[in-house]
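Single-structure report; data block below.
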Amino acid sequence: MKADFILLRLGELTLKGRNRTRFENAALEDVRERLRPFERITFTREFGRIYLQLNGEPYDQVAEQLKRVFGLHSFSPVTQVEADLEAIRQATLAIMQALPQRPRTFKVIVRRSDKSFPHDSMEMNHLVGGYVLHHMPGLAVDVHHPEVELRVEIRQQAAYVYSQVERALGGFPVGSNGKAMMLLSGGIDSPVAAWLSMKRGLEIEAIHFHSTPYTSERALDKVIELTRTLAQYTNAIKLHLVPFADLQIRLHQAYKGNLEITITRRIMLRIAERLAKRHGAEAIVTGESLGQVASQTITSLGTIGRVASLPLLRPLIMMDKSEIIEVAERIGSYPISILPYDDCCTLFVPRSPSTKPNLGLVEQIESRLDWLEAEIDKAVTNTETKHVAAQQPEAIDEYF
């Protein structure tokens, strides 16, 4: 569609009081980064409004990028016309006639910033509304529940007319609420937890525990592709690949009871916490959902979580599987998550894992594993880090 400007609405950011400017600047920086390929776009702030001037850039392509920016609540394509009654009338009528489906009801809302304009806002509502009604028989005014809100903003230099509102992702700009480490498996849940974390303003770095050569190389490719899918909603994501096979084998040789999964999860958290502190993250995020599997009962979650000193964030904890799948389909991770490549969690699974693990007993077993700290150190040291960007065909190795 044709548009001269795009009006941005930052939604929840307006609730941030004294911190509003910081969050607003972070959101605009994300918008600028997302729209970097559109070189002719310029940004303006006027009267509490944020506008993108397209300068000939294609609206539809720009809109697709804006729909992937966290912190942006909604946006509207705007037509600029002369601040003149007849020009405004013609523009509003053109917008109404160009709607893909003709509405039955509408409402005109005029905001007059230029007080020298000869008609006040209430008068303009009638002058514009009456003009549209005259040229579109069958249309009616509904001031309470209109199908279309036709908005006009009148300023000294020009008037801006729009009716369409496109939803964006909302939330907060990525990184505006800190950084966390995300335990990313190859399943359905953890990519959704990562996406929800980013929506709440967290910058995430992903940690994946792999057991190659006992699991397929395709399992690693799958996780990189999941990370690339998540990177579509931010600039790029660091993916830390932790070699876990030796540690799993050593644990299985030392202990084969029903607490093996519990101890394995606690080891994962120990490693994640060390990586988090190394990379400046202040929390750990997991894809756990209450009651889904044995390690996600309330007792298991408590026993596993006690090993971590950093906050443990579980965005999915009260979500049904169907709700999680719905989000996964929407963000594009679901088709990748269901690819049949096993990860480290499929190795050495006891027949009857404990659903009510006793913390004291778990700690007693761990205390007998005199090799554990050395193996954790080795896993952290040998962790490989990749820089995964949405537009790059290959993940780039990062060296320290």
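Taking a ≥ b ≥ c as the square roots of the eigenvalues of the Cα gyration tensor, the stretch 72-228 is classed as prolate, since a/c reaches at least 1.5 and a/b is larger than b/c.
Given Cβ point charges of +1 (Lys, Arg) and -1 (Asp, Glu) and nothing else, what value in debye, to the nearest 20, does the dipole of the chain about its Cα centre take? List each step's numbers first, then the result.
On the way: 48 positive and 49 negative charges, 152 e Å.
The calculation lands at about 720 debye.
Report, in listed order, any pair from Lys277/Lys356; Lys67/Lys238; Lys321/Lys386 with a Cα-Cα distance greater than 25 Å.
In this structure, Lys277/Lys356; Lys321/Lys386 lie more than 25 Å apart at Cα.
Straight-line cross-link partners of Lys222 among the aspartates and glutamates, defined as a Cα under 12 Å from its Cα and at least 8 positions apart when in the same chain: Asp342, Asp343. Amide H to amide H, with H built 1.01 Å from N, Ser185 comes under 5 Å of Ser190, counting only residues 5 or more places away or on other chains.
Within the stretch 24-59, list the trypsin sites (Lys or Arg not before Pro) lying in a DSSP loop whose Cβ has at most 14 other Cβ atoms in a 10 Å radius. Sites meeting the loop and neighbour criteria: Arg40. A simple spin-label model places pseudo-atoms 7 Å from Cα toward Cβ; at His119 and Met136 they are separated by 1.6 nm.
In the chain, with Lys and Arg counted as +1 and Asp and Glu as -1 at Cβ, which of these residues, Ser190, Ile249, His145, has the Cα nearest the positive end of the dipole, that is, farthest along it? The one lying farthest along the dipole's positive direction is His145.
Of all beta bridges that DSSP places with both ends in the stretch 179-398, some 40 percent have antiparallel geometry.
Distances between placed amide hydrogens fall under 5 Å for Thr105 paired with Ala140, Glu147, Val148, all partners being 5 or more residues away or on another chain.
In terms of surrounding Cβ atoms within a 10 Å radius of their Cβ, Met268, Met318 rank from fewest to most as Met318, Met268.
Highest first, please rank the peptides 361-370, 57-66, 238-247 by the mean number of other Cβ atoms sitting within 10 Å of their residues. Mind dumping the intermediate values first?
Details: 361-370: 13.3, 57-66: 15.1, 238-247: 20.9.
Highest to lowest by the protection proxy: 238-247, 57-66, 361-370.
Using the number of other C-beta atoms within 10 angstrom as an exposure proxy, rank His119, His208 with the fewest first.
Values: His119 16, His208 27.
Ranked by crowding around the Cβ, least crowded first: His119, His208.
Listed peptides 213-222, 67-76, 152-161, 139-148 appear in the order 67-76, 152-161, 213-222, 139-148 once ranked by packing, highest mean of other Cβ atoms within 10 Å at the front. Excluding same-chain neighbours fewer than eight residues apart, the aspartates and glutamates reachable from Lys2 by a Cα-Cα span under 16 Å are Glu57, Asp60, Glu64, Glu166. In the chain, the C-alpha radius of gyration followed by the widest Cα-Cα span (Dmax) gives 26.8, 86 angstrom.
Once C-alpha pairs closer than 8 Å and six or more residues apart are averaged by separation and normalised to the residue number of the stretch 5-167, the relative contact order reads 27 percent. Here the relative contact order of the stretch 131-206, from alpha carbon pairs under 8 Å that lie six or more residues apart, stands at 26 percent.
Counting alpha carbon pairs within less than 8 Å and at least 6 residues apart, what relative contact order, in whole percent, applies to the chain? Please report the intermediate quantities before stating the final value.
Details: 750 pairs, mean separation 64.5, N = 400.
Contact order relative to length: 16 percent.
Taken as entire DSSP H runs, the helices of the chain that both span 20 Å or more between Cα atoms along their own long axis and average -0.5 or more on the Kyte-Doolittle scale are 121-135, 217-231, 260-278.
Calculated [222 nm] ellipticity per residue, helices only, for the chain: -11500 deg cm²/dmol; basis is -39500 (n - 2.57) per DSSP H run with n ≥ 4, divided by all residues, nearest 500.
Under a model in which nothing but the beta-carbon of Lys, Arg (+1) and Asp, Glu (-1) is charged, the stretch 91-231 shows a dipole of about 180 debye around its Cα centre.
All of the numbers you see were taken from the coordinates with simple rules; none came from a lab. Remember, it's a predicted structure, so these values are computed and weren't measured experimentally. Note that each Cβ is placed from the backbone with ideal geometry, even for glycine, and that neighbours are counted across all protein chains shown.
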